[in-house]
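Inspection log for the structure reproduced underneath, given as structure tokens.
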Amino acid sequence: MFERFGEFGDAAGINETAVNLRREGDIESLKVLAAENGIDADVLEAFVEGDLLYLCDDMTAAIGKIEVESQKVDCAEIMEDWVEYIKAQCFEHPEVAKAVRKKGKSLEGCIAALLTWGFKHQHPVDTKIMKAAGVSAGKCTLGIPGMGTAKKIITEYYLGGAR
């Protein structure tokens with residue numbers, strides 16, 4: 001995922017590397033840096049042309065990391081929604097955007113936290129609902145956090161419980 005440049009812990013590290021590469025005229029390496037960090041090609045082009053002083057801010061660095069990570073983690077249905085919730089938390093809370101970039105924090109780890117909550121908070125499904133769904137099992141439970149709970153879990157995962 002971060003094969004060439006490694007995982008950056010913040011936008012400042014990405015920007016420092018990008019500015020140095022631009023100064024050296026190493027556009028090919030800049031393209032790799034942008035791709036590894038999920039930076040949009042149009043933003044990269046504007047940076048290369050000198051229209052932007054920096055390649056990213058905390059928000060774009062966080063969203064870029066999530067985008068890159070989501071390509072490596074097989075997410076479907078509710079997990080895709082959780083990825084969008086993570087992005088929403090980045091937009092709503094700048095401290096979450098900064099925390100997403102921290103080394104050791106990952107999309108995989110955040111989804112694991114959401115799944116852990118789900119397994120610990122399973123509730124029995126009403127027999128009327130089971131019958132309507134054609135479920136003949138004697139017991140059925142479900143544990144998926146709602147949007148509010150998911151956003152709380154996401155924030156706690158990335159910020160380490162501090163808010």
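Each value in this text was obtained by applying a stated rule to the coordinates, not by laboratory testing. Just so it is clear, the structure is predicted and the values come from calculations on it, not from any experiment. Note: ideal-geometry Cβ built from the backbone for every residue, glycine included; neighbour counts use all protein chains shown.
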Query - Over the chain: helical MRE at 222 nm, DSSP H runs n ≥ 4 each giving -39500 (n - 2.57), nearest 500 - result: -19500 deg cm²/dmol
Query raised in the report: Which entry in [x] 9.8; [y] 22.0; [z] 11.3 matches mean projected area of the Cα convex hull in nm² derived from the coordinates of this structure?
Result: [z]
Query raised in the report: Which GluC sites (Glu not before Pro) does segment 1-108 hold that lie in a coil by DSSP with at most 13 other beta carbons within 10 Å?
Result: 3, 77
Report summary line: A chain fully extended from residue 12 to residue 119 at 0.36 nm per residue, minus the present Cα-Cα distance, gains in nm 34.8 nm
Query - Violating pairs (Cα-Cα greater than 22 angstrom) within the set 65/151; 72/120; 128/152; 31/151; 72/102 - result: 72/120; 128/152; 31/151
Report summary line: Per the 1/(1 + (r/R0)^6) rule, R0 = 25 Å and r from the Cβ atoms of residue 84 and residue 132, FRET efficiency to 0.05 is 0.30
Query raised in the report: For segment 18-111, which trypsin sites (Lys or Arg not before Pro) are both in a DSSP coil and crowded by at most 15 other Cβ atoms within 10 Å?
Result: 103
Requested in this report: Multiply the residue separation of residue 4 and residue 52 by 0.36 nm, subtract the distance between their alpha-carbon atoms, and state the gained length in nm to one decimal.
Outcome: 14.9 nm
Query raised in the report: Counting Lys and Arg as +1 and Asp and Glu as -1, each charge on the Cβ, what is the dipole of the chain about the Cα centre in debye, to the nearest 20?
Result: 1140 debye
Query raised in the report: In whole angstrom, how long is each semi-axis of the equivalent ellipsoid of segment 76-163, when you take the square root of 5 times every eigenvalue of its Cα gyration tensor and sort them from largest down?
Result: 31, 12, 11
**Report entry** Relative contact order (percent, whole number), the chain, Cα cutoff 8 Å, 6+ residue spacing
**Finding:** 21 percent
